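First the structure, in the form of structure tokens, and then the observations on it.
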Amino acid sequence: MKYTISYFLLFIGVLLLSCSSKGEDEHLRQRFEKDVSAQYILLDKLTDYGWDQIYVIAPYTHEKQLDQTLLKNRDLIEKSMIPVSDNFYLLVLTRNEKVAGYAKISATAGSSISSPLFNKGLVRAYTPQDTLYLKKNKTK
């Protein structure tokens, strides 16, 4: 009986550890969407945790357009539904080639990013030292 309880507790502990993946970073989404009204975003100010690269993934991005780091984390990309959705852009932050955080940002906020790469359907990795420049919406 003692061993049964020990194995059960061990099983529960392993199960909890395996299910405790980091979910979507709501703070990152809010911060990015708030900063879109500026002319640029200083990427190192977006989060309170460390990361090496941030990927901005546009709607309908397919697996062939991803680099090796994102392909190692393909389950997140598939679960996000970004290859078949036009409702959002996906921000993926990585550290040592593993996902450190991610957020879905509105298509409006995502489309304000000024990058010729998006016009070609390419995904670019930015570093914390980069500045993300934004297009200004023309007012009538």
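The values are calculated or read from the model by the stated rules, or taken from the named source; none is laboratory data. In this text, all values refer to a predicted model and were calculated from it rather than measured experimentally. Note that we place each Cβ from the backbone using ideal geometry, even for glycine, and neighbour counts take in every protein chain shown.
Got a number for residues in the range 115-139 being at pLDDT 55 or above and surrounded by 13 or more Cβ atoms within 10 Å (Cβ to Cβ)?
Number satisfying all stated conditions: 11.
Would you mind stating whether Leu42 is at pLDDT 55 or above and either touching a Gly at 6+ places or on another chain (Cβ under 6 Å) or surrounded by fewer than 14 Cβ atoms within 10 Å (Cβ to Cβ) (or both)?
Criteria met by Leu42.
Among the numbered criteria (1) under 17 Å from Asp35 (Cβ atoms); (2) touching a Lys or Arg at 6+ places or on another chain (Cβ under 7 Å); (3) at pLDDT 85 or above, which one does Glu97 miss?
It is condition (1) that Glu97 fails.
A quick yes/no check of all residues on (1) touching a Ser or Thr at 6+ places or on another chain (Cβ under 9 Å); (2) of a type outside the set (A, V, I, L, M, F, W, C):
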{"position": "Gln65", "(1), (2)": "no, yes"}
{"position": "Ser85", "(1), (2)": "no, yes"}
{"position": "Val99", "(1), (2)": "yes, no"}
{"position": "Ala103", "(1), (2)": "no, no"}
